[in-house]
Amino acid sequence: MAKYTTPFLLLSLSLLLLLAGSVSSCRRCSRARAFVIISCRTTLYPKVCENSLSRYVNSTNLSHKHLAQIALRVSITEARFTRAYLTKMARRLRRVHYEEAQAIGDCIDQINDSVFQLRLSLRELQRCSDQITYDNFSWYTSNVETWTSTALTDQINCAAAFEGNVHGKIVRSRVRAKVDGVTQVTSNALALVNRFIMRHRFTRAKTHLRP
């Protein structure tokens, strides 16, 4: 009987260690999800924010800056998908509904510019670190806010072109639905960028006030 004791103890110990690791991992995941939920409450579309960001957030990256970067990446990805979708639609309509295809083409130009602006924003946000001066931080973050806002304006203008009854109902509803999706994630990204900037400034201000 004794010869079975050691293997049994080793197996039990391995299972306990595995269980402890799983519990610890679950707790970290729970903290990460809670962080996303709380941050997303500051956005206009909190549910969209949670659904679009939760899958990309891991337990080791819980900073406001990292979350803002993820939000910008999600917005870039959605804008690219929207551009591809609208491009295919415009090609199908070009032969029989030229005016609608032209309107979609103008919308694609707006989405193209929004992708460019969002990429600039992400690159500039990545330059912000604790090592840079306060003036440089203000410069970088001002650029991020401006470019993200411009991207959002581009997307809103694209959707606004299809608000009237000039175009067919099916085309109008499809374009609006697709563009509204990317507009919502970009709006959320801008809110999270602003949240990061405000918290970073507050933290730096407290540091400067310390004796």
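Quote the FRET efficiency, to the nearest 0.05, computed for Phe116 versus Ala160 with a Förster distance R0 of 22 Å and r equal to the Cβ-Cβ distance. It would help to have the intermediate numbers written out before the result.
Values: r = 20 Å, r/R0 = 0.90.
My answer for the efficiency is 0.65.
What FRET efficiency comes out for the pair Arg95/Asn143, r = Cβ-Cβ distance, R0 = 45 Å, nearest 0.05? The partial results should precede the final answer.
On the way: r = 43 Å, r/R0 = 0.95.
Computed FRET efficiency for Arg95 and Asn143 comes out at 0.60.
From largest accessible area down, sort Trp147, Trp139; use a 1.4 Å probe on the protein chains.
Trp139, Trp147
With each label point set 7 Å from Cα along the Cα-Cβ vector, what nm distance links Tyr56 and Ser30?
Output for this residue pair reads 2.7 nm.
Show me the ranking of peptides 69-77, 176-184 by mean Cβ neighbours inside 10 Å, starting with the highest. Show your work: numbers first, answer last.
Numbers: 69-77: 22.8, 176-184: 20.1.
Taking the mean over residues of other Cβ atoms within 10 Å, the ranking is 69-77, 176-184.
Ignoring ligands, DNA and RNA, what percent of the 1.4 Å accessible area of the range 49-168 is carbon and sulfur?
Details: 3080 of 6510 Å².
Summing carbon and sulfur atoms, their accessible area is 47 percent of the total for the range 49-168.
For the range 70-189, what class follows from the C-alpha gyration tensor (a ≥ b ≥ c being the square roots of its eigenvalues): rounded when a/c is under 1.5, otherwise prolate if a/b is larger than b/c, else oblate? Mind showing how you got there, number by number?
Working: a/c = 3.13, a/b = 2.87, b/c = 1.09.
Taking the square roots of the gyration eigenvalues as a ≥ b ≥ c, the range 70-189 is prolate.
May I ask you to evaluate 6.51 cos²θ - 1.76 cosθ + 1.60, the Karplus curve with θ = phi - 60°, for each residue of the range 138-146 and list the ³J(HN,Hα) values in order in whole Hz, giving x for glycine and proline?
So the J values, rounded to whole Hz, are 5, 5, 4, 5, 5, 5, 4, 4, 5.
Any chance you could look up the accessible area of Met198 with a 1.4 Å probe, heavy atoms only, rounded to 10 Å²?
We get 120 Å² for Met198.
The values are calculated or read from the model by the stated rules, or taken from the named source; none is laboratory data. Keep in mind it's a predicted model, so treat the numbers as computed, not measured. Note: ideal-geometry Cβ built from the backbone for every residue, glycine included; neighbour counts use all protein chains shown. These accessible areas exclude ligands, DNA and RNA; they are computed on the full protein's heavy atoms, side chains included. Shrake-Rupley method; radii C 1.70, N 1.55, O 1.52, S 1.80 Å.
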